[in-house]
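The values are calculated or read from the model by the stated rules, or taken from the named source; none is laboratory data. It should be emphasised that the depicted structure is a prediction, and the values quoted were computed from it without experimental measurement. FYI the Cβ positions are ideal-geometry reconstructions off the backbone, even for glycines, and counts take in every protein chain you see.
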């Protein structure tokens with residue numbers, strides 16, 4: 001079991017819907033950026049939940065599960081900033097060339113450890129994508145929120161790796 005101090009506080013963020021894309025014209029690029037952010041918010045939420053479930057039901061680490069749950073719930077605040085209706089309107093699964101493709105490493109996992117490690121990486125990558133694309137939207141501090149999540153994941157992954165070999 002991993003016992004953690006609270007690593008980060010994911011408090012509420014202010015809602016400024018009129019500021020989103022104030023520096024970008026509502027055009028094809030801004031729609032594409034929203035689509036990227038939407039896809040990666042979904043990817044990040046899913047991966048956080050997979051890792052959270054491991055800590056909750058396998059490792060029985062309440063502190064790690066709570067930290068992951070807080071990170072997952074903080075995504076709702078990011079979604080509110082962009083506007084759930086804006087994110088949904090940018091979503092177009094039918095034109096996503098990878099929506100119906102499974103890579104071999106996605107279809108076969110050999111252990112719970114592989115699932116956890118894979119989803120840590122998936123979550124870190126998604127939070128980095130959000131961090132980068134949020135830099136060209138308003139308010140820019142959403143990029144910092146994604147960065148905070150990413151570094152929380154790095155810390156939890158390290159603790160996981162250090163503890164998995166001691167069981």
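Which of the residues that make up the stretch 126-142 are in a helix (DSSP H, G or I) and either crowded, with 17+ Cβ neighbours inside 10 Å or free of Cβ contacts under 8 Å to residues at least 24 places away in the same chain (or both)? Listed by number, the residues that qualify are 126, 127, 128, 129, 130, 131, 132, 133, 134, 142. None of 145, 122, 45 is part of a helix (DSSP H, G or I), under 15 Å from the mean Cα position of the chain (by Cα), surrounded by 15 or more Cβ atoms within 10 Å (Cβ to Cβ) and modelled with pLDDT under 95 except 145.
Could you count how many residues in the stretch 86-114 are surrounded by 11 or more Cβ atoms within 10 Å (Cβ to Cβ), at pLDDT 85 or above and not in a helix (DSSP H, G or I)? Looking only at that region, the number is 2. The number of residues in the stretch 53-68 that are within 16 Å of the chain's Cα centre (by Cα) and surrounded by fewer than 20 Cβ atoms within 10 Å (Cβ to Cβ) comes to 2.
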